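Since the structure comes first, as structure tokens, the remarks are kept for the end.
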Amino acid sequence: MREAPYHRSVSVVMPSYNERENVAEAIERVAGALGEQLLEVIVVDDDSPDGTGQVLAQLDRQELHVIHRKGQSGLASALAQGTRAAKGTVVVWLDCDLGIAPEYIPELVSKLEDFDIAIGSRYVTGGNDLRSPSRALLSRILNRFAQVVLGSEITDYTSGFAAARHTALAKVPLSGEGFGEYFIDWAYRAKRNGLKIVEFGYDYRLRKSGLSKTDSNWLTFLRLGLSYTWTILRVKFHHWK
């Protein structure tokens, strides 16, 4: 399919916290994957104590913009701040940990020829969750529950990997609250507001280096699962009101 002009203006927003071992490679691979389409990589770093900021300062890349946050933290608020700063006509959200290959981005962006939002999904053709079987199963159950409550048009309400037209994000902005809860809320509101959404299968792997913010222990994983369940019910209940 012919590439639309706006696809030559892509902003990639990457939140970071203690990603010293991954961030340089992640940025390099994003730039290599997008080529001329890339306008900017915005890394929002929450004052990482492991030296992520120093690594970013040493990178000599014209397209790199770093937002250093002090006294602020949180995945959702970092993504919201980076998205507000984005100048591209297309915005992509990607983690720094290389659990999702940056090489998926061009195909994800290409879906915006015909859609407002493209969501990476582990649960459509071509998608897989390659973490431990127990964690993959619990995530699958949670997303099945989300489909029952919020609608089956979206299969991966906790993906976090997405590309959207800037106009779509202006219509349905991020809430900026929580960890992964923001994506459930945003995807559901986007659907309710009539935005055209498509999903794209991708492999979700274990992070390349460092400690996971969600999978480091079972207590954290289960606590987030309960929070996500509450979010699913809350956004549905709020709509009924």
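Let me spell out the model: positive unit charges on the Cβ of Lys and Arg, negative unit charges on the Cβ of Asp and Glu, origin at the Cα centre of region 49-94. What dipole size does that give, in debye rounded to 20? Mind showing how you got there, number by number?
Numbers: 5 positive and 3 negative charges, 43 e Å.
Around 200 debye, computed over region 49-94.
Just subtract the alpha-carbon distance of Lys87 and Glu177 from 0.36 nm times their residue separation and send over the number in nm, one decimal. Taking Lys87 through Glu177 to full extension adds about 30.2 nm, to one decimal.
I need to check one value: relative contact order of the chain, counting alpha carbon pairs closer than 8 Å and at least 6 residues apart, in percent.
Working: 435 pairs, mean separation 56.1, N = 241.
So the answer I get is 23 percent.
Result for the chain in a Gaussian network model with C-alpha springs under 10 Å: among Ala26, Ala163, Ala57, the largest mean-square fluctuation is at Ala57. In this label model, Val124 and Thr220 are separated by 3.0 nm, measuring between points 7 Å along each Cα→Cβ vector. Both radii come from the Cα set of the chain: Rg as radius of gyration, Rh as Kirkwood radius; their ratio Rg/Rh reads 0.94.
Here's the picture: charge each Lys and Arg Cβ at +1 and each Asp and Glu Cβ at -1 in region 5-240, and of Trp93, Leu233, Ala164 the one pushed furthest to the positive end of that dipole is Leu233.
Show me the ranking of peptides 94-101, 192-199 by mean Cβ neighbours inside 10 Å, starting with the highest.
On the way: 94-101: 21.6, 192-199: 16.2.
For the peptides 94-101, 192-199, the packing ranking is 94-101, 192-199.
About its Cα centre, what dipole magnitude does the chain give when the only charges are +1 on Lys and Arg Cβ and -1 on Asp and Glu Cβ, stated in debye to the nearest 20? Before the final figure, lay out the partial values.
Working: 29 positive and 29 negative charges, 200 e Å.
Result for the chain is approximately 960 debye, rounded to the nearest 20.
Dividing the summed helix terms, -39500 (n - 2.57) for each DSSP H run of n ≥ 4, by the number of residues in the chain produces a 222 nm estimate of -12000 deg cm²/dmol to the nearest 500. Extension gain, Leu138 to Lys70: 0.36 nm times the residue separation minus the Cα-Cα distance gives 21.1 nm.
The numbers here are math on the coordinates, done by the rules we state, and not lab data. Small disclaimer: the values here were computed from a predicted structure and weren't measured. Cβ atoms come from the backbone with ideal geometry, glycine included; neighbour counts cover every protein chain shown.
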